[in-house]
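The values are calculated or read from the model by the stated rules, or taken from the named source; none is laboratory data. Remember, predicted model here, so these are calculated numbers, not experimental data. Note that each Cβ is placed from the backbone with ideal geometry, even for glycine, and that neighbours are counted across all protein chains shown. We work out accessible area using only protein heavy atoms, side chains counted, and drop any ligands, DNA or RNA first. Shrake-Rupley method; radii C 1.70, N 1.55, O 1.52, S 1.80 Å.
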Amino acid sequence: MRKFIFLVLLLLYANNFYCQNLTIDELIDLRKSDVAEVEEFVTQKNWTFLSANAPQYNEMGTATFTFNKSNESDRAESFLTYAYSGTGKANRLNLQFSNQEKYNSYLNRLKILGYDFVVSKVQNDSIVKLYLGKGLTIEVTVSSKNENNITRTSYNILITASDDYLVTLVDQ
């Protein structure tokens, strides 16, 4: 009986860490990849392609992937959007998820990697924090939304080059 309980607890614990299986190191590295490399990498990690748009005159192209997407709707455990300019210089990676443990592990890893917390603010009823390091700006957003008397917290991590962030995203 103890073995059974231990096995059940182990499976529940393992599932908690499996549920969005990209590390912050992989996300940072993926930003440097082209769209085909991103697609191949995340597909191997059981992500599913959702949509794509080619770059236009003033807009970046995007490719969006989901993790644990529902078969009945576009709801998913996590969303990953890769934005690219075509030049490879201004690629952005945006990850949206709802797992608090994963959020904490991402923040801890950013600190270990030497990213410095710079500033925080409240914007659009969300907490936005900026981390800088190695030529990158990482914007971490924590949001809450109440649906049917259930409060859901979501986390968003945007990874982009610092000069791109300053030029195009600061005023948004």
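What the table below lists for this structure:
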{"item": "Per-residue HN-Hα couplings for the stretch 141-153 [Karplus 6.51, -1.76, 1.60; θ = phi - 60°; Hz; x = Gly/Pro]", "result": "10, 10, 10, 10, 9, 9, 10, 6, 6, 10, 8, 10, 9"}
{"item": "Per-residue HN-Hα couplings for the stretch 110-117 [Karplus 6.51, -1.76, 1.60; θ = phi - 60°; Hz; x = Gly/Pro]", "result": "4, 5, 5, 6, x, 6, 9, 5"}
{"item": "Where a label projected 7 Å from the Cα of residue 75 along Cα→Cβ would reach, residues of the stretch 129-144 with amide N under 19 Å", "result": "143-144"}
{"item": "Restraint check, 45/111; 45/102; 102/134, Cα-Cα greater than 18 Å", "result": "45/111; 102/134"}
{"item": "Extension gain, residue 162 back to residue 105 (0.36 nm per residue minus Cα-Cα distance, nm)", "result": "18.3 nm"}
{"item": "Solvent-accessible area, 1.4 Å probe, carbon plus sulfur percent, for the stretch 27-84", "result": "44 percent"}
{"item": "Gained length - residue 51 relative to residue 37, 0.36 nm times residue gap less alpha-carbon distance", "result": "3.5 nm"}
